[in-house]
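Enquirer: This is the structure I want to talk about, given as structure tokens.
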């Protein structure tokens, strides 16, 4: 949930005030719901909208992205029930042969909405009854923040490590480690001086299934955007650094960097004796002559700051203990890229 305060034309706050003057009503929160072939999920999703305990005014802005199943009929049935219970419903969409994607559908749902605040909901997810209320209250108190929450997964054992990680990030780690699905939106928000906040209660149930929109984004696309953000946000301010991981992920990060940032890499570090025994990583694809040879060291011998390419919560705490032993400050002496 966030307050729209940037861009050309009237702000979302100004638009809400205009709607209030013209129509005599004001929408506090617009729930943004993109829909594509979601008939098996929609009943439970829309029921969770109805069950919100928020006492302000709610609008549901639905955009149907060329669904070919019964999604439209389900939405129309729920529109009657929701509006009878005080939830204003706006429905848009198109019936082209092909969908235009979840990003497009979200943007269209935002454009047709009129709430002061936006609450994003996917059609295969379920909100806890207090979600809108608690996130709205947090957004009022922190007007520059994107407001998230803790989540649960369905099935419960799906992406267990990821769910545990995201629910336990500290407020500082929301910036240094947090990587949401809406990556470009998140990065743009930070670049404009925005902040991030989490309500530390479980307010949303994410369903994990093969048809989820998150699986449609290529991993390489996400990787490239993350590397660009790392270079702009962090490496541009460092004169040198060490990549913590001499294995596949660390070497991939090195190869993905701009040449100017590759030259800032003073070493790879690791705990694997076999990798350390190699002494150097040679960048064979380099056009430089001689080809760059990057030292491989034990982490205790390495020079910070560090970009860490080691996945958390995978080594029974060994990596975390090694990192802790160096007494480094996250966001200053190291950043995670894992």
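Enquirer: On each of the three principal axes of the Cα atoms of region 36-76, give max minus min coordinate, whole Å, ordered largest first.
Expert: 35, 17, 13
Enquirer: Follow-up. In bins 5 Å wide, starting from 0, what share of all Cα pairs of region 42-140 does each bin hold, as a percent?
Expert: Computed distribution, short to long bins: 2, 12, 23, 27, 20, 10, 4, 1, 0.
Enquirer: Here is a follow-up. Can you compute the equivalent ellipsoid semi-axes for region 219-336, i.e. the square root of 5 times each eigenvalue of the Cα gyration tensor, sorted largest first and rounded to whole Å?
Expert: 21, 18, 14
Since every read-out is calculated from the coordinates, none of them should be taken as a lab result. Not measured: the values here are computed from a predicted model.
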